[in-house]
Amino acid sequence: MADRPIRCLLFVAALLFLTAPRVPAQAPAPPPPDLLIKGGHVIDPRNNIDAVMDVSVSGGKIAQVAANITPTASMRVIDAAGLYVVPGLIDIHAHVFFGTEKDAYLSNADSAVQPDAHSFRSGQTTLVDAGGSGWRNFLQFKEQVIDRSRTRVLAFINIVGSGMKGGPVEQNLADMDSRLTAMRIKQHAASIVGVKVAHYSGAEWDPVKRAVEAGTAMNVPVMVDFGNNNPPQSLEDLLLKYLRPGDILTHMYAHVAGRIPIVDEQGKVRPFVFEARKRGVIFDAGHGGGSFLFRQAVPAMKQGFTPDVISTDLHSGSMNSGMKDILNTMSKFLNLGMPLRDVIKANTSRAADVIKRPELGHIKAGAEADIAVLGLRKGSFGFIDSGGNRMLGDQKLECELTVKAGQVVWDLNGRSRPMWTEGSK
Ligand SMILES: [Zn+2]
């Protein structure tokens, strides 16, 4: 008799379970519409296009890039007059392994950013996580972030097996295994584009050497966040001895403890830095919260030492301070005299080449339809560096519209939408 109320409760629970509405984990995206982006100034450096053109999209792919494409009945026409139409932007240094682990810095932690919450509103269609995960927790990163994001998420995996968890975890030489790192890259070559070294403060070169070993085994680049070593290590040795052509120095305009900056006390770019560029080392802006100083960037740019790639080092700190987003960071370089075409190239075809994904970062017919439509505002704007200093500029990029795989995923002014007087809802 005593178990009767329990049986009753079980029955009610079972009934509730069976009758509860089933919510799919993620609603399937509707099929992409045919689009015609009309009258914009197309900059597609890979295909050498820098002119007013129309871009049509069908089935999620670029159908045609040409002058005056005639709209068909199935096309949704987007007026892009006065705007720039460029390939979807690629950010090769972001931190998107967000999660809830305590004291885990940028590896399954809340200082990392949910990709879709930040990417599309800045014209980005590809984000590369820079070392959040290592071979041990890459699968968790894939399941938790890569597989659930509409943004294309790729990864440099950390030479530290446990990834970028900060503190002693990143100092553990015993957890830096080139063989296991290479194995993980081989298993997930579709997502992993390289190996990251960061934050090691010891005197040994082992983290760099082991990352290069893994990178050589799998033919992928190594990205190095250099500095904080005690005693300091030689930047010249890193750039001329340890890194291979195609490897990347991120935070190129930083001046941090334990690393000499690329611009010396007299304001000159050090000769070995030019030499490193000549031998094929890639220099990446990697703005971040502490790695972009006007005192470095301004003299370097005047001497022609511009970035190969302009990345954000996105995390919750940098996005709420001087960095803000990729377009604010690109705008700094525009205002420092880098031509718009070069700025776009740094974040499209060049970025794609650096991560060895040449199929990305351009909009030739047949390519996946990843497109950013940008406005270039003229006026008076202020920009902040990671030293907290301000620079004034007269131009600023703004994202009007982003297309990912043929879907409009960001539309600032409703350019792809019918007027409310004509809509059906
Ligand atoms: Zn970083």
Among the residues that make up segment 408-425, is at least one of them open to solvent by 40 Å² or more (accessible area, probe 1.4 Å) and aromatic (F, W, Y)?
yes
Search result, residues across segment 220-235 that are in a strand (DSSP E or B) and open to solvent by less than 20 Å² (accessible area, probe 1.4 Å):
V222, M223, V224
Restricting segment 181-194 to residues that are open to solvent by less than 20 Å² (accessible area, probe 1.4 Å) and free of Cβ contacts under 8 Å to residues at least 40 places away in the same chain, the residue that is nearest to the ligand (Cβ to nearest atom):
I185
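Looking for something away from the ligand (no atom under 16 Å from the Cβ), in contact with a strand residue (DSSP E or B) (Cβ under 8 Å, 6 or more places away or on another chain) and more than 28 Å from D308 (Cβ to Cβ) - is there at least one such residue anywhere in segment 125-140?
yes
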Cβ-Cβ distance below 9 Å, separation of 6 or more or different chains: which pairs start in segment 116-132 with a residue that is open to solvent by less than 10 Å² (accessible area, probe 1.4 Å) and among the acidic types (D, E) and end on one that is assigned to a helix (DSSP H, G or I) and within 16 Å of the ligand (Cβ to nearest atom)?
D129/P115; D129/F141
I'd like the full set of residues that are part of a loop (DSSP other than H, G, I, E, B) and among the basic types (K, R), limited to segment 320-372.
K324, K356, R357, K364
Subset of segment 283-292 that is over 13 Å from N347 (Cα atoms) and buried (at least 24 other Cβ atoms within 10 Å of the Cβ) - its residue that is farthest from the ligand (Cβ to nearest atom)
F292
Based on what the data block shows, is S178 touching a Cys at 6+ places or on another chain (Cβ under 7 Å) and more than 15 Å from the ligand (Cβ to nearest atom)?
no
Is there a residue being open to solvent by 10 Å² or more (accessible area, probe 1.4 Å), closer than 29 Å to E359 by Cβ and not aliphatic (A, V, I, L, M) anywhere in segment 158-170?
no
List the strands (runs of 3 or more DSSP E) that sit entirely inside segment 73-168 and contain at least 3 residues that are more than 23 Å from H287 (Cβ to Cβ).
75-79
Within the set of pairs 6 or more residues apart or between chains, which connect a residue that is under 15 Å from L397 (Cα atoms) and away from the ligand (no atom under 11 Å from the Cβ) inside segment 308-326 to a residue that is open to solvent by less than 10 Å² (accessible area, probe 1.4 Å) and of a type in the set (D, E) with Cβ atoms less than 8 Å apart?
I310/D284; I326/D91
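Could you check how many residues of segment 82-108 are within 13 Å of the ligand (Cβ to nearest atom) and of a type outside the set (S, T, N, Q)? Quick ask: steps written out before the conclusion?
Within segment 82-108, the first condition is being within 13 Å of the ligand (Cβ to nearest atom), and the residues that meet it are 91-97, 105-107.
Cutting the leftovers down to of a type outside the set (S, T, N, Q) gives us 91-97, 105-106.
Count: 9.
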Taking the residues in segment 47-72 that are outside any strand (DSSP E or B) and within 26 Å of the chain's Cα centre (by Cα) as candidates, determine which candidate is farthest from Q395 (Cα to Cα).
G59
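Name every residue in segment 266-282 that is more than 16 Å from the ligand (Cβ to nearest atom) and either farther than 22 Å from G387 by Cα or among the aliphatic types (A, V, I, L, M) (or both), in order of residue number.
Of everything in segment 266-282, those that are more than 16 Å from the ligand (Cβ to nearest atom) and either farther than 22 Å from G387 by Cα or among the aliphatic types (A, V, I, L, M) (or both) turn out to be V269, P271, F272, V273, F274, E275, A276, R277, K278, R279, G280, V281.
Could you identify the single residue in L235, L243 that is in contact with a Phe, Trp or Tyr (Cβ under 8 Å, 6 or more places away or on another chain) and either at pLDDT 95 or above or within 16 Å of the ligand (Cβ to nearest atom) (or both)?
L235
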So which residues in segment 76-111 are open to solvent by less than 10 Å² (accessible area, probe 1.4 Å) and farther than 30 Å from D54 by Cα?
H93, A94, H95, V96, F97, A104, L106, S107, A109
Criterion: within 16 Å of the chain's Cα centre (by Cα) and open to solvent by 50 Å² or more (accessible area, probe 1.4 Å) - qualifying residue of D353, D308, D325, D342
D353
When restricted to T329, T402, T421, T348, the only residue among the β-branched types (V, I, T) and without any contact (Cβ under 8 Å) to a residue 40 or more places away in the chain is T421
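The values are calculated or read from the model by the stated rules, or taken from the named source; none is laboratory data. Not measured: the values here are computed from a predicted model. Counting neighbours? That spans all protein chains shown, and the Cβs are built from the backbone with ideal geometry, glycine included. These accessible areas exclude ligands, DNA and RNA; they are computed on the full protein's heavy atoms, side chains included. Shrake-Rupley method; radii C 1.70, N 1.55, O 1.52, S 1.80 Å.
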